[in-house]
Amino acid sequence: MRVLVVEDEAALRDSLKERLGEAGFSVDVARDGNEGLFAGLEYPLDVAIVDLGLPNLPGLEVIRRLRAARKTYPILILTARDNWQDKVEGLQAGADDYVAKPFHFEEVLARVQALLRRAGGWASPQLNCGAVVLDTRAQTVEVSGAPVELTTFEYRILEHLMLRAGDVISKTELTERLYDQDFERDSNVIEVLVGRLRRKLDPQDELRPIETLRGRGYRFALPRDTAS
Ligand code: CA
């Protein structure tokens, strides 16, 4: 999952980048409203975190312009704790949720994860698709009740595919969502990682959880458990 952080306070921006990275996100950062708008328009994002008090272009205006440009990914705003007007205006501008400063990182993470789940049509943090269960909070995966150890990148691929289970995800999209701007992108790497992921999830080649659609991409093929 690829997240944009638009925050002018360097220490806060750096700490969000570091901790979101540890939580499995690829993270792009912007230091002011203009950079944030550019990144929000140009990068293939899954979610954005936007501080409202930004130099050059206010956060509210960044959000309005992103929505006017038909960017539909969820947006979480950072607001001052006692300023209810900010929260209302932010939501009216097109934000989906807010966290008041100062915050605990865990709250930001929980809200971002909830926004991503809802965007994918999931109500619960545990994604159940047939024998495969992925817990987005603990970042664990079980197949038929047995834990499966995945690397960070394998986990990110599986989470992305399962959040959008049933949809075809192109290799380009997966590559763009897995690496931030500091990494070189190579779709051959995705093929290797998906191959490894398949062998770990399905060593006997019985479940076939990940389908390859030639020239189109991958699809998580096991049906969603609608109760979850
Ligand atoms: Ca600020």
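The values are calculated or read from the model by the stated rules, or taken from the named source; none is laboratory data. Computed from a predicted model, the values in this text were never measured in an experiment. As a convention, Cβ positions derive from the backbone with ideal geometry for all residues, glycine included, and neighbour counts pool all protein chains shown. SASA here: full protein model, heavy atoms, side chains in, ligands and nucleic acids out. Shrake-Rupley method; radii C 1.70, N 1.55, O 1.52, S 1.80 Å.
Residues of the chain: accessible area per residue at 1.4 Å, in Å²?
Working: 11020 Å² over 228 residues.
The answer is 48 Å² per residue.
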Notebook entry, point to check: If one computes the Cα centroid of segment 126-196 and of segment 45-85, what distance in Å separates the two points?
Noted result: 28
Check: What residues have an amide H closer than 5 Å to that of Asp28, excluding those fewer than 5 places away on the same chain, when H is modeled at 1.01 Å from N in the peptide plane?
Finding: Val3, Leu4, Val5
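Can you give me the relative contact order of the chain as a percent, contacts being Cα pairs under 8 Å and 6 or more apart?
On the way: 390 pairs, mean separation 37.8, N = 228.
With pairs under 8 Å counted, the relative contact order is 17 percent.
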Margin query: Connecting C-alpha atoms closer than 10 Å in a GNM of the chain, tell me which of Arg67, Arg118, Arg214 has the biggest fluctuation.
Written below: Arg214
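Ratio of alpha-carbon Rg to the 2.2 N^0.38 Å globular estimate for segment 2-119, to two decimals, please. Present the calculation step by step, with values, prior to reporting the outcome.
Numbers: Rg = 12.5 Å, N = 118, 2.2 N^0.38 = 13.5 Å.
Relative to the 2.2 N^0.38 Å estimate, segment 2-119 comes out at 0.93.
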Note to self: So for segment 123-228, averaging the separation of alpha carbon pairs under 8 Å that are six or more residues apart and normalising by length, what relative contact order in percent results?
What the structure shows: 32
Check: Stretched out fully, how many nm does the piece from Ala138 to Thr152 gain, at 0.36 nm a residue minus the Cα gap?
Finding: 3.8 nm
Next item on the list: Putting +1 on Lys and Arg Cβ atoms and -1 on Asp and Glu Cβ atoms, find which of Leu54, Gly40, Cys129 reaches farthest to the positive end of the dipole of the chain.
Entry: Cys129
Notebook entry, point to check: Leaving out same-chain residues fewer than 8 places away, which aspartates and glutamates sit with a Cα under 13 Å from that of Lys71?
Noted result: Glu42, Asp46, Asp96
Next item on the list: Just the Kirkwood number for segment 126-220, please: inverse of mean 1/r across all distinct Cα pairs, in Å, one decimal.
Entry: 13.5
Check: For segment 129-143, what does the Karplus curve 6.51 cos²θ - 1.76 cosθ + 1.60, with θ = phi - 60°, yield as ³J(HN,Hα) per residue in whole Hz, taken in order and with x for Gly and Pro?
Finding: 9, x, 6, 9, 10, 10, 9, 6, 7, 7, 6, 10, 10, 10, 10
Notebook entry, point to check: Taking Rh as the Kirkwood radius computed over C-alpha pairs, what is the Stokes-Einstein D of the chain at 25 °C in a medium of viscosity 0.890 mPa s, expressed in µm² per second?
Noted result: 134
Next item on the list: Note down the magnitude of the dipole of segment 126-220 about its Cα centre, charges +1 on Lys and Arg C-beta and -1 on Asp and Glu C-beta and zero elsewhere, to the nearest 20 debye.
Entry: 260
